[in-house]
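Engineer: Have a look at this one.
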Amino acid sequence: MGEEVREEERGEVRSELVTREGKRLLLIRWNTGKTSAGRLFGRYGPGGRPEFFKLLFGAVAGSLREQFGPDGENIFARIRDSEKFRETSRELFDGLKKWFFEEAVPKHKLERGDIFMISTELLVDPDTGEITWNKDKTELIYWVRSDRCGQAAPDYEALRREKEELSKEVERLRAENDRLRRELEEVKNKLQQITSLLK
């Protein structure tokens, strides 16, 4: 059981070659492994470089080796210094960071120091080094800290009160419905009387 947990917490990269609009591209399904916002996006590594780039370059280089064999090393060496690779890897960093802080953090109520991993999908052009990020295939997996478990437990008293209020509202609507039905019946009767007088 413990082995499975460790496996799940490590980064993972799967790749395949796909053809899109007649062009052969490298599809990478990339999981960052267990990390934190400070490590992934902050000035963390040597020279104050975010860990993100080390992980990304490792994922791309490993995928190129997997798909192209020994030639994958040469392809990576060529594209790593290309303007397109530098530009799009920076765009990916900025886009993923924006997604994380503006969408994932509020949605999951993450706090400073929380641990998570990001799973996403990338397309890499082995000719130009261009990286395209599939935001729709991006998800966050996070660990709930033990000190926040109590907050996550349901508030049964609030749920009971809400149920009572809903029951009262249902009764009120039922009574309103009955009253309207009676009024409608009276209107129909009056209309019938008027119609019969006009004949």
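The values are calculated or read from the model by the stated rules, or taken from the named source; none is laboratory data. It should be emphasised that the depicted structure is a prediction, and the values quoted were computed from it without experimental measurement. Glycine also receives a Cβ, built like all others from the backbone with ideal geometry; neighbour counts cover every protein chain displayed. Quick note on the areas: whole protein, heavy atoms, side chains included, nothing else; ligands and nucleic acids left out. Shrake-Rupley method; radii C 1.70, N 1.55, O 1.52, S 1.80 Å.
Engineer: For the list (1) surrounded by fewer than 15 Cβ atoms within 10 Å (Cβ to Cβ); (2) modelled with pLDDT under 90; (3) not in a strand (DSSP E or B), I need the number of the one condition that residue 33 fails.
Structural biologist: Of (1) surrounded by fewer than 15 Cβ atoms within 10 Å (Cβ to Cβ); (2) modelled with pLDDT under 90; (3) not in a strand (DSSP E or B), only one is false for residue 33: (1).
Engineer: Another question, then. Out of the residues in the range 95-142 that are assigned to a loop (DSSP other than H, G, I, E, B) and among the β-branched types (Val, Ile, Thr), which is nearest to residue 58 (Cα to Cα)?
Structural biologist: Looking at residues that are assigned to a loop (DSSP other than H, G, I, E, B) and among the β-branched types (Val, Ile, Thr), I get 128.
Engineer: May I ask you to list the residues in the range 59-77 that are without any contact (Cβ under 8 Å) to a residue 40 or more places away in the chain and not in a loop (DSSP other than H, G, I, E, B)?
Structural biologist: Across the range 59-77, the qualifying residues are 61, 65, 71, 72, 73, 74, 76, 77.
Engineer: Sticking with this structure for a sec: Please indicate, with yes or no, whether at least one residue in the range 120-140 is of a type outside the set (A, V, I, L, M, F, W, C), open to solvent by less than 100 Å² (accessible area, probe 1.4 Å) and at pLDDT below 90.
Structural biologist: Within the range 120-140, not a single residue is of a type outside the set (A, V, I, L, M, F, W, C), open to solvent by less than 100 Å² (accessible area, probe 1.4 Å) and at pLDDT below 90.
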